[in-house]
Amino acid sequence: MSDLKQFRSETRDWLEANCPPNMRMPMKSAADACWGGRNWTFQSEDQKLWLERMAAKGWTAPSWPKEYGGAGLSRAEAKVLQQEMDNIGARSPLHSFGIWMLGPALLKFGSDEQKLRYLPEICRGEIRWCQGYSEPAAGSDLAALATKCEDKGDHFLVNGQKIWTSYADKADWIFCLVRTDSSGKKQEGVSFLLFDMETPGVSTKPIIMISGRSPFCETFFVDVKVPKENLVGERDKGWTITKYLLTHEREMIGEQGGGKSLSQIIEERGITPSPILQAKIAEFEIDSWAFAQTMARMLQEAKAGASLGARSSMLKYYGTELNKRRYELLMDAGGTDALEWESARSNDGALARDWLRTKGNSIEGGTSEIQLNIISKHILQLPGA
Ligand SMILES: Cc1cc2nc3c(=O)[nH]c(=O)nc-3n(C[C@H](O)[C@H](O)[C@H](O)COP(=O)(O)OP(=O)(O)OC[C@H]3O[C@@H](n4cnc5c(N)ncnc54)[C@H](O)[C@@H]3O)c2cc1C
């Protein structure tokens, strides 16, 4: 038996023995996703057990090095693990900006102390992070950010405001872009800081979205003292880290374009679509399959050492547009019932709320227009406007 076949067989056995039956059920609502962190209330004993077992195996971040809480799996092994989890419908044990975004940046740019301090906690789901990038006057033009960070000798002093900070009111820590120098080009003088959301002077104010939910906030900093060892990389040189983290964020958001077959979901809901809708679903499935192949190819290339770089914008752009199409079709298939907003029958309007939430997919992590700009400039090499 090849090593990979052996790994598959052992993984299948382990999952069979360790994944609680409840954690193999499809998530009924966003609340079923486990985000961990010091304020997390587990939805059930099984949710807790599943996280603990997967973390102990290093399988919440399977390809990270073992010394930082991962399992040191190769990409091929990590893929097998994911396939075997998909086969039994196992839920992801942990949703985490730490795993999806900050971790890869710390692995590349963090000091040894920072890696040992934060990465194992992230893998165990003990620390929940939010992302302090956007500001009221710095979204697409992120480098215009103005949150001020002054060097006060033995600490940094941070003053300013972030906006659209997802889960800022629930997060334990923030990875935050701050301005440490305003004298040169705006990309210069940006620094990448980590701090505890309970530090005096940090406050949040939730913003309600069109879906009626409130997953993000305005975040304010008034004279926030941050220890100097919380700076990642060099002072004023945080822009490289910023961009690197964004490629991971975009890949992660783009992955939403994949997932379970749409016709299967519609069939499970007991719906028989009209012939016109069936044709649209078939078209979607073909595009979705082509996207999955493109994603697999790019990840293979990344394995061979070619960094995703600007190509993460292709995944982000197409994946989010696909996800929006998927939900439009689900709404079409559901007919007027799909618009139900509050009844128990509609699970508190879960589908309608999820559909509205997808509208944000092509804004978060950089808008579709910005991704198209990046693709035209860095991939198609078209002349700038
Ligand atoms: C659901 C959601 C979650 C988010 N979570 C976070 C988070 O956790 N942390 C965080 O920091 N931010 C977060 N954001 C913010 C997100 O990154 C910004 O909304 C995004 O970068 C766009 O910035 P903006 O809203 O300021 O829009 P603007 O930059 O003001 O853009 C407005 C419009 O102008 C277009 N535009 C702007 N510049 C150009 C250009 N050069 N060429 C063509 N078109 C252009 C844009 O595409 C857009 O349509 C989140 C946003 C959403 C929707």
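The values are calculated or read from the model by the stated rules, or taken from the named source; none is laboratory data. Just so it is clear, the model here is predicted, and its values are computed rather than measured. Cβ: placed from backbone, ideal geometry, glycine included. Neighbour counts: every protein chain shown. Surface areas here come from the heavy atoms of the whole protein model, side chains and all, with no ligands, DNA or RNA. Shrake-Rupley method; radii C 1.70, N 1.55, O 1.52, S 1.80 Å.
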**Residue that is open to solvent by 40 Å² or more (accessible area, probe 1.4 Å) and either on the phi < 0 side of the Ramachandran plot or among the hydrophobic types (A, V, I, L, M, F, W, C) (or both), where the choices are S134, S140** = S140
**Message:** Testing I210 on (1) in the same structural domain as S368 (by TED's automatic domain parsing); (2) open to solvent by 60 Å² or more (accessible area, probe 1.4 Å), one condition comes back false. Which one is that?
**Reply:** (1)
**Request:** Find all pairs meeting these conditions: Cβ atoms under 7 angstrom apart; at least six residues apart or on different chains; first residue within region 68-91 and within 16 Å of R53 (Cβ to Cβ); second residue surrounded by 18 or more Cβ atoms within 10 Å (Cβ to Cβ) and aromatic (F, W, Y).
**Result:** G70/W64; A71/W59; L81/W59
**Request:** State all residues of region 213-252 that are of a type in the set (D, E), touching a helix residue (DSSP H, G or I) at 6+ places or on another chain (Cβ under 8 Å) and surrounded by fewer than 19 Cβ atoms within 10 Å (Cβ to Cβ); if no residue qualifies, say none.
**Result:** E229
**Request:** Could you list all residues from region 312-367 that are within 14 Å of the ligand (Cβ to nearest atom), of a type in the set (K, R) and surrounded by fewer than 17 Cβ atoms within 10 Å (Cβ to Cβ)?
**Result:** K359
**Message:** Can you report the number of residues in region 23-48 which are touching an Asp or Glu at 6+ places or on another chain (Cβ under 8 Å) and over 16 Å from L94 (Cβ atoms)?
**Reply:** 1
**Prompt:** Looking at (1) of a type in the set (A, V, I, L, M); (2) more than 30 Å from K28 (Cβ to Cβ); (3) more than 10 Å from the ligand (Cβ to nearest atom), which is the one condition that is false for I370?
**Reply:** (3)
**Prompt:** If we scan region 58-75, do we find a residue that is part of a helix (DSSP H, G or I), aromatic (F, W, Y), farther than 30 Å from K316 by Cβ and out of contact with any Ser or Thr (no Cβ under 6 Å at 6 or more places or on another chain)?
**Reply:** no
**Request:** Return a yes/no flag: does region 185-194 have any residue that is more than 10 Å from the ligand (Cβ to nearest atom), of a type outside the set (S, T, N, Q) and under 30 Å from A31 (Cα atoms).
**Result:** yes
**Item:** Number of positions in region 157-184 that are away from the ligand (no atom under 11 Å from the Cβ) and outside any strand (DSSP E or B)
**Value:** 8
